[in-house]
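A.B. asks: Below is the structure I would like to discuss, written out as structure tokens.
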Amino acid sequence: METRAGSIAVKVIDPPAGARELADEICERVARGPSFVLGLATGKTPVGLYGELAARRAAGVSFAGVTTFNLDELAGLGADDPRAFRCWTAELVHGPLGIPPQRAHSPDAPADPASAAAAAADYERRLAEAGGVDLQVLGLGRNGHIGFNEPGTPTDARTHLARLADATRRDAVATFGALADVPTHAVTMGLGTILEARAIRLLAFGAAKREAVARLLADEPDPTLPASVLRGHPDVRIWIDAEAAAGLHR
Ligand code: GLP
């Protein structure tokens, strides 16, 4: 059953069914026009969605005309570092869906601030040239971040070099082995950039997301929670599982 929290449509659903519903919508939109622009999130949460889209391709859906923009990239990793998000999306999205590399955009993320600012400006230019994002897929950080917009990010921020919160870096230790090896910064679409997507679809599964989900859907907006900016967007749907929903309506 779908409920509403302000302008946000909310559905409590098990993760595979949520992935199928969002894949249905993406496939419908891809079928409507060849110039569809899809915004991609990384992380564990959207893996099921991307697997579902790959299954649709195997069943005959063509994604060859789709353009994608990754939300963010960890700063200072080498071009072929398998831990870079662009490698992750190449493996889980672009390869399986047959999206050509020239339409698979991700921000460059050099570690030094001046080069990162230039890379961020270039990413905004590419986004504008593509006509903006039609549908942005989002996950949710346990501290309520979207992309790498950590608590305290201005709501009108454009693509920028962001400092990662300690909690966010700790969540990445599993990938990097030791906290000292986790990048300290990332280039991310800003909250203002994300809000320009014409449709936003967020997935949040598991108990680790319970508090952020409860704060996102509370009666009063929480300005310390970056995802709260979504309450001001006219076309947001979120899918949460029972674990993530357990903090609601207490
Ligand atoms: C990272 C990404 C976010 C993602 C979040 C949650 O911080 N920058 O885009 O939503 O992690 O990750 P997971 O889905 O693995 O919980």
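A.B. asks: Rounded to a whole number of µm²/s, how large is the Stokes-Einstein D of the chain at 10 °C and 1.306 mPa s, given Rh as the Kirkwood radius over C-alpha pairs?
C.D. replies: 87 µm²/s
A.B. asks: Still on this structure, I have one more. Roughly how big is the stretch 147-250's charge dipole about its Cα centre, with Cβ charges of +1 (Lys, Arg) and -1 (Asp, Glu), in debye to the nearest 20?
C.D. replies: Dipole magnitude for the stretch 147-250 comes out near 140 debye.
A.B. asks: What percent does the relative contact order of the stretch 127-236 come to when contacts are Cα pairs within less than 8 Å and at least six residues apart?
C.D. replies: Numbers: 176 pairs, mean separation 40.5, N = 110.
Computed over the stretch 127-236, the figure is 37 percent.
A.B. asks: Return a whole-number percent for the relative contact order of the stretch 38-94, with Cα pairs under 8 Å and 6 or more residues apart as the contact set.
C.D. replies: So the answer I get is 44 percent.
A.B. asks: When Lys and Arg each count +1 and Asp and Glu each count -1, what net charge do the other residues less than 14 Å away from Arg170, Cβ to Cβ, add up to?
C.D. replies: Details: positive: Arg142, Arg169; negative: Glu150, Asp166, Asp171, Asp181.
Net of charged neighbours comes to -2.
A.B. asks: Mind ranking 67-73, 114-120 by how tightly packed they are, going by the mean number of other C-beta atoms within 10 angstrom, highest first?
C.D. replies: In descending order of packing, they fall as 67-73, 114-120.
A.B. asks: I'd like the distance between the alpha-carbon centres of the stretch 167-225 and the stretch 6-82, rounded to an integer number of Å.
C.D. replies: 17 Å
A.B. asks: I want to make sure I understand the PRE zone here: with the label point 7 angstrom from the Cα of Arg198 toward its beta carbon, which residues in the stretch 38-79 have backbone N atoms less than 11 Å away?
C.D. replies: Output list for this probe position: 38.
A.B. asks: Also: Ignoring ligands, DNA and RNA, what percent of the accessible area of the stretch 13-57 is carbon or sulfur (1.4 Å)?
C.D. replies: In the stretch 13-57, the share of accessible area belonging to carbon and sulfur is 54 percent.
A.B. asks: Would you mind getting the accessible area per residue of the stretch 1-160, heavy atoms of the protein chains only, 1.4 Å probe, in Å²?
C.D. replies: Heavy-atom accessible area per residue stands at 43 Å².
A.B. asks: May I pose another question? Work out the charge dipole of the chain with +1 on the Cβ of Lys and Arg and -1 on the Cβ of Asp and Glu about the Cα centre, then indicate which of His145, Pro234, Pro16 is farthest towards its positive end.
C.D. replies: Towards the positive end, the residue furthest out is Pro16.
A.B. asks: Another question, then. May I ask for the net charge around Gly206, where only other residues with Cβ less than 10 Å from the Cβ of Gly206 are counted and Lys, Arg are +1 while Asp, Glu are -1? List each step's numbers first, then the result.
C.D. replies: Values: positive: Lys44, Arg142, Lys209, Arg210; negative: Asp241, Glu243.
Neighbour charge sum, excluding Gly206 itself: +2.
A.B. asks: Then there is this: If you roll a 1.4 Å probe over the stretch 129-250 with all protein chains in place, what percent of the accessible area is carbon or sulfur?
C.D. replies: Numbers: 2640 of 5210 Å².
Whole-percent figure for carbon plus sulfur exposure: 51.
A.B. asks: Here's something else I'd like to know. For the stretch 8-54, state the semi-axes of the equivalent ellipsoid (square roots of 5 times the eigenvalues of the alpha-carbon gyration tensor), sorted largest first and rounded to whole angstrom.
C.D. replies: Square roots of five times the eigenvalues give 19, 13, 11 Å.
A.B. asks: Just to confirm, what accessible area per residue do you get for the stretch 177-247 at 1.4 Å probe, in whole Å²? Mind dumping the intermediate values first?
C.D. replies: On the way: 2680 Å² over 71 residues.
It amounts to 38 Å² per residue over the stretch 177-247.
A.B. asks: Bin width 5 Å, origin at 0, all Cα-Cα pairs of the stretch 112-168: what percent of pairs per bin?
C.D. replies: 4, 16, 21, 26, 21, 11, 2
A.B. asks: Considering only protein heavy atoms, with the full assembly of protein chains and a 1.4 angstrom probe, order Trp239, Trp88 by accessible area, largest first.
C.D. replies: Order by accessible area, largest first: Trp88, Trp239.
A.B. asks: When DSSP assigns beta bridges and you keep just the ones with both residues in the chain, what percent turn out antiparallel, to the nearest 5?
C.D. replies: Just about 35 percent of them are antiparallel.
The values are calculated or read from the model by the stated rules, or taken from the named source; none is laboratory data. Bear in mind that the values here come from a model prediction, so they are computed numbers and not experimental data. In this analysis, Cβ positions are derived from the backbone assuming ideal geometry, glycine residues included, and neighbour counts consider all displayed protein chains. Only protein heavy atoms, including side chains, enter the accessible area calculation; ligands, DNA and RNA are left aside. Shrake-Rupley method; radii C 1.70, N 1.55, O 1.52, S 1.80 Å.
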